[in-house]
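A.B. asks: One structure, pasted below without further comment.
Please treat every number below as a calculation from the coordinates, not as lab data. The structure displayed is predicted, hence computed values, not measured ones. Note that we place each Cβ from the backbone using ideal geometry, even for glycine, and neighbour counts take in every protein chain shown.
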Amino acid sequence: MSRPNSQMSLPICGPAQKTTTAASRVGSNVEGFRAGEAMHIEAPEILLYHEDCFEGIRTRVEAGSVDVVVTSPPYNIGVAYTAYDDTVPRSRYLKWMREWAGLVRRVLKPDGSLFLNIGCKPSDPWVPFEVAMELRHVLTLQNVIHWIKSIYVENVSYNEQTSLNVGHYKPINSKRFLNDAHEYIFHFTLDGTVELDRLAIGAPYKDDSNVTRWKGAGNGLHCRGNNWFIPYSTIQRRSSDRPHPASFPPELAEMCIKLHGVDRVGLVMDPFVGIGNTAVACARLGVPLIGFEIDEGYLETAKKRLQRRVGRSFAGQGDQAQVVANPGP
Ligand SMILES: C[S@@+](CC[C@H](N)C(=O)[O-])C[C@H]1O[C@@H](n2cnc3c(N)ncnc32)[C@H](O)[C@@H]1O
């Protein structure tokens, strides 16, 4: 039976365990992140566990307690992760996806949102569609968002030809396939009726006259729509600046949480933490997060990035390593 943890205000089940299956994989040399313990950052509370998310969600997260899940699972396209085999048979992968989505369903609040980022490789473009069809058995697909990583736009404005070429993409040397410059963000909810804060990520009207013409346009913003241009930041060295083969920019998670409505977010969850971009978004927005990741190297990177964000090093307190700081705006 789960019981509330008196040390924490997050609706998680039980105290940090001393030993878990995954805990045995945690190296004791990882400062502030020892076997079975959570990495714990306060203000907002950010708990990252070195643990399989199936185990973590089942044992640590109370039913109906999570407002928003922003996550990106492995895509089953042969990415070279260190602790996960991304080449399992498709049927097994889809079954696995449905299973963790079922766990998410259990812990989501009735008006909660799952933002599921998923992409593919040009030679295997069905993955996102197959995943969406599989999750259809568990959740309702409320919105389909396109994450645009790079775009070239030509436009005529006041009789002048203009163009814009923005973002980054990985060029593909192929006569068959286009460079892959987008991924999906599937917005799943329990029943498809969750109200969103569309203007929290709204776009300004191009023409001021529209502000008065359109009902509800009082603050000068309109719904951004479902094409989101979110570029990766420019980096010098992949190995040190973005040491993960399949991460998303923190801005992606930030937009999802804002769209759900920051004011009503008491807890965010990321079952597949990677290097912690959803956690960084939560630190920026000041909302609590619980997350799981099986690779201790990625978690170590997540910890460093959060430390940079909160601007303090870890100070161990009893069993729990903590960073206590105000992450600011
Ligand atoms: C696409 S990546 C997530 C990247 C993350 N969104 C970021 O921006 O850094 C998927 C991650 O899931 C982790 N993973 C795979 N199976 C897992 C499991 N059962 N529980 C927790 N993490 C898992 C992998 O190690 C990998 O880091």
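A.B. asks: Quick check on my link table: of Lys109/Lys303; Lys121/Lys170; Lys109/Lys258, which ones sit more than 19 Å apart, alpha carbon to alpha carbon? Walk me through the numbers before you get to the answer.
C.D. replies: Working: Lys109/Lys303 28 Å; Lys121/Lys170 11 Å; Lys109/Lys258 17 Å.
From Lys109/Lys303; Lys121/Lys170; Lys109/Lys258, over 19 Å: Lys109/Lys303.
A.B. asks: Hey, another quick one. By how many nm would the segment from Glu62 to Cys223 grow when fully extended, if each residue of separation counts as 0.36 nm and the alpha-carbon distance is taken off? It would help to have the intermediate numbers written out before the result.
C.D. replies: Numbers: separation 161, 0.36 × 161 = 57.96 nm, distance 3.34 nm.
Stretched out fully, the Glu62 to Cys223 stretch lengthens by 54.6 nm.
A.B. asks: Output ³J(HN,Hα) for segment 184-193: one whole-Hz value per residue in order, computed from phi by the Karplus curve 6.51 cos²θ - 1.76 cosθ + 1.60 with θ = phi - 60°, and x for Gly and Pro.
C.D. replies: Those phi angles translate into 9, 10, 8, 9, 9, 9, 5, 9, x, 10 Hz.
A.B. asks: While we're here: What's the local net charge at Trp96, with K and R +1, D and E -1, over the other residues with C-beta under 12 Å away? Don't jump to the answer; show the numbers that get you there.
C.D. replies: Values: positive: Arg90, Arg92, Lys95, Arg98; negative: Asp52, Asp85, Asp86, Glu99, Glu134.
Summing Lys/Arg as +1 and Asp/Glu as -1 gives -1.
A.B. asks: Where does each of Met255, Met269 land when they are ranked from fewest to most other beta-carbon atoms within 10 angstrom?
C.D. replies: On the way: Met255 22, Met269 30.
Lowest count first: Met255, Met269.
A.B. asks: Let me ask something else. For Trp96 and Asp197, calculate 0.36 nm times their separation in residues minus their Cα-Cα distance, and state this gained length in nm to one decimal. Can you show the working numbers first?
C.D. replies: Details: separation 101, 0.36 × 101 = 36.36 nm, distance 3.15 nm.
Result: 33.2 nm gained on full extension.
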